[in-house]
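Okay, structure first, notes after.
Please treat every number below as a calculation from the coordinates, not as lab data. The shown structure was predicted, so the numbers you read here are calculated from the model rather than taken from an experiment. Note: ideal-geometry Cβ built from the backbone for every residue, glycine included; neighbour counts use all protein chains shown.
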Amino acid sequence: MDVSIQERINILIDQCIEGDMNAFGEIYDLTINDVKKAVYFLLENKQDVEDMIHEIYLEVYKSLKNYNRSRTFSSWLTGVAIRQIHNYRRRNWKLSRLFQKVNTFSLAMSEPDIANMVVEQMDLQKVMEQIQKLPFNFRSVLLLKYIYDYSQDEIAEILQLPIGTVKSRLHHALKKARTIINRQIFSLEQER
C-alpha cells in the first residue's frame, strides 16, 4: 500500500471514529481486494467466503480505534483477517467435535450403514440448526463443553451449579441431540 493510500486511510479512520459510515465504505472499497485474496487463500470452504469477509469487516469497524498508526493499515487489516479466519476454523473444528460426540452416542434407528451415509451427508450447518432446537440449559452446557472446551468442574463454576447437575445436563443434552438427529436421519431415509 503506497504512502498516499495510507494517508487517505488514516483520514478515513478518523472520520469513521467520528461516526461517518461513508468513510468506512471507502476503507472497504480500498481494501476489499486484498482481504478477498487472503480469505480465498486461507479458507477451505469457499461457500463461507462472503460471511467471513463480513465478519472481518465487522471486527475491523469495532477495532478501528485500537489501530496503531505506526503500522501500515494493510498489515493490521491482514492480521485482523487471519485472526478472524483462525477463530472461524477453531469454531468449526469444535463444532465438528460436538457433532462427532453426538454421532458416537447415536443409537441408529435403522441399519448402521445407511445411517452413517446419511449422517455423513448432513452438513454441519444442519446439525447446528437441530441443536438450536434444544432447550437453553442443554445448549449452554454443550457450548461450554464442546465449543469452549471447559471441564465439567469449570462449567459447574461458570453456571453456579452442582457438578452432578452439569453431568446430568450434558448427558441429557447429548441424548436429546442424538434423538433429534436420528429423527432427521429417519425422515431423510423415508424420502429416498
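A few comments on the model shown:
- Between Ser140 and Ile163, the distance separating the two model label sites (each 7 Å from Cα on the Cα→Cβ line) works out to 2.1 nm.
- Rounded to the nearest 0.05, the FRET efficiency derived from the C-beta distance between Arg83 and His172 at R0 = 45 Å is 0.80.
- Net length available on complete extension from Ser63 to Ile5 is 18.9 nm, with 0.36 nm assigned per residue and the Cα-Cα distance removed.
- Here the extension length gained between Ser74 and His54 equals 5.5 nm, from 0.36 nm per residue of separation less the Cα-Cα distance.
- Counting every other Cβ atom within 10 Å of each residue's Cβ, Trp93, Trp76 order from fewest to most as Trp93, Trp76.
- The alpha carbon convex hull volume per residue for the range 36-87 rounds to 67 Å³.
- One chain, two ends: Asp29 and Asp153. Fully extended at 0.36 nm per residue, the span grows by 39.9 nm beyond their Cα-Cα distance.
- Hits among lysines - C-alpha to C-alpha of Lys167 under 23 Å, sequence gap 8 or more where chains match: Lys94, Lys101, Lys133, Lys145, Lys175, Lys176
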